[in-house]
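Taken together, the values in this text are just the output of simple stated rules run on the coordinates, not laboratory data. Quick caveat: nothing in here was measured; it's all calculated off a predicted structure. Glycine also receives a Cβ, built like all others from the backbone with ideal geometry; neighbour counts cover every protein chain displayed.
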Amino acid sequence: MSEPISTDPAAAIVGERPPVGSTAEATAPVPEAPPETPVSLGALYRALWHHAAGARHLILWAFLLLLASQLFKLGVPWLAGKAIDAIQHGGLDGLAGAGRWLALVFAAIAASWLLHGPGRILERNVALKVRERLSGLLVGQLVSAPLAWHERHHSGETTHRVQQSSHALYDFAQSQFIYLQNTVRLVGPIVALCLISPLVGVVAVVGYGLIGLLITRFDRSMMRLAVDENRAERRYTAALVDVLGNVFSVLALRRGGGAARLIASRLADVFGPLKRSIVLNEAKWCSVDLLASLLWCVLVAVYAMEASGAGSGIALGKVFMVYEYAQQAGGVITAIAAHFQSLARQRADFAAAAPLLAAPSVQDARAPAAHGWRELKLEGLRFSYAASHGGGVEIDALTLQRGRRYALVGPSGAGKTTLLRLLAGLDRAGSGLLLLDDEAVEQAGDSLRSFATLIPQQAEMFDGTLEENLAMGESAAPETIAAALHAASADTLVAGLGMGLATRVAEGGANWSGGQRQRLALARGVLAAEGSALLLLDEPTSSLDPESEARVYQRLFRHFGEAAVVSSVHRLHLLDRFDEVILMRAGRIEAVGSAWALAQSSPLFRELLAAQGGEVGAGAS
């Protein structure tokens, strides 16, 4: 039994991956993501500290520089008040002393900026590092998640989660100066007010505490709305990705209006919580502004009443200090209202990373490992999809040998692609035994993944150069690329391009024909399969003409002469090129043998042949 995967955002925040799943774990139904809740402030700080590894000393230096900067700024009202007192008590004779105090005001402001600038540069560089680390972690987790997980999660929503959560932590990391600044500007003025008048200080503490409590109540409600908005925003993004990613079908079928209405309905779902949040936001700002303005008026009045009652007269410098410190604290309360709202949004947005970090992982070799086995056997293989929509397979026994070529045939829905995915280790069987040279192998899926490569039918192309599409971020020698292009019969195609491998490929390969895309995708697959002991082909030549298709198979068999090759074949004229045919129906292997032998013994095989008007010879060529 596998252990349940934690989807607690606070547990997943620092980037700890769940353990690599076993075969049974990988076939278990993927659990639905629980309702998201904003992560705690402590979880955000733990994530910041974790992803700042190697640059944590820069965080401390930035903190010290920014703290010193704020302390210099905190002294400005006191210095300015001293200048006013000098003029009040000395008249014209006090101008020189006031000038010295004002010079210190300018010096304090200059010193503050000399410290603030370097501190912010350090802080923002750390934020960039943190975003890079988190984004890399999430992408790494996604590319190691099993195929079944990806099939349960929309790529548009997943993309939105990566961008949203990594940007949230980046914003949080680069906003620390705001929290430090607000803390100093709130605590400092309150301490100063207490020193000027303890009564004024007590009134300030009570007043600002009540305003802070009000802000917290508002923003808790707005955080819950932000989670709902994020969920709707991901569905809106998914609809956009679907429509724009399949724009050919939308235009060809004249469904642009319907697609636009679908997107509009998804956007309307975003506006529901957003409109409620707008109302709460305006109510919050109105309350905070009115209460902060009222409070500084009350503080000045309290000081004036206390000073006049003492009979010592009212010092204008101290009145200015009370007013300025009260204004500073009031301004900070207003700023806190804004920044606390941003912080609440960051907590809600960062929670989007939790389902990605909770995704199961499977071991995945960067390149096929060398394997010396000569015979592979599968026994008692059972697999069904978690969604129970059919398409499972039950294979009692299957034997494959190195150096032999196997054609996988059968009617639509027979389970051919599912079997290929299982042989590639992309899907994990619920039960079954893998034997290599009659020795049982534990962790069958991981073992297959290490030496088997599946080249899919879908000719997926990516925005970039042709070389980038072929190598996919890996290094490859020019002669290796040339050999792969030749094996896929794409060498003459590339040779005819003016820019060769530097030719630009549009998104989805829209600037190439179907046959060109398929040959280039096949060449990419050949590169990825170098060294594979088991090559699996899922009709990768379906867009080619029969002559080109036959030439491609001839070259592939020569290129992978030492591997066992299993290819799903739709055009049965190719069967004479294979050593054996594996005939499937309804998820089971019905017969295995040469094409000629099956033509004599299998009614199903004869039906498939008759449907294409084909005949086969007496053996492979």
One quarter of the convex hull surface, Cα atoms only: what value does that give for the chain in nm²?
36.9 nm²
Can you find, among SER489, ALA459, ILE196, the residue sitting farthest towards the positive end of the charge dipole of the chain, where Lys and Arg contribute +1 and Asp and Glu -1 at Cβ?
ILE196
Assuming R0 = 56 Å, what is the FRET efficiency of LEU102 and PHE271, from their Cβ-Cβ distance, to the nearest 0.05?
0.60
Within the under-11-Å Cβ sphere about ARG345, not counting ARG345, Lys/Arg +1 and Asp/Glu -1 give a net charge of -3
Given the Cα atoms of region 375-611, and with Rh set as the inverse mean 1/r over their pairs in the Kirkwood sense, what is Rg to Rh to two decimals?
0.98
Assign one of three labels to region 41-357, namely rounded, prolate or oblate, based on the Cα gyration tensor with a ≥ b ≥ c the square roots of its eigenvalues; rounded applies when a/c is under 1.5, prolate when it is not and a/b is larger than b/c, and oblate otherwise.
prolate
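Size of the dipole of the chain about the Cα centre, Lys and Arg at +1 and Asp and Glu at -1 on the beta carbon, nothing else charged, in debye to 20?
Value, rounded to 20: 1640 debye.
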Among ASP579, ASP463, ASP219, what is the fewest-to-most ranking by other Cβ atoms within 10 Å?
ASP463, ASP579, ASP219
Within straight cross-link reach of LYS82, meaning Cα distance under 28 Å, which lysines are found once same-chain residues fewer than 8 apart are removed?
LYS73, LYS318
How do LEU180, LEU294 rank when sorted from fewest to most other Cβ atoms within 10 Å of their own Cβ?
LEU294, LEU180
What ranking do SER166, SER135, SER287 get, fewest neighbouring Cβ atoms within 10 angstrom at the top?
SER287, SER135, SER166
For LYS275, which aspartates and glutamates qualify as cross-link partners when the Cα separation must be under 20 Å and same-chain residues fewer than eight apart are set aside?
ASP219, ASP228, GLU229, GLU233, ASP349
For the chain, what is the percent of antiparallel DSSP beta bridges, rounded to the nearest 5?
55 percent
Using the Cα centre of region 41-357 as origin and beta-carbon charges of +1 (Lys, Arg) and -1 (Asp, Glu), tell me which of GLN163, ALA110, CYS297 is placed farthest towards the positive end of the dipole.
GLN163
So for the pair SER221, ALA510, with labels modelled 7 Å out along Cα→Cβ, what separation do we get in nm?
4.5 nm
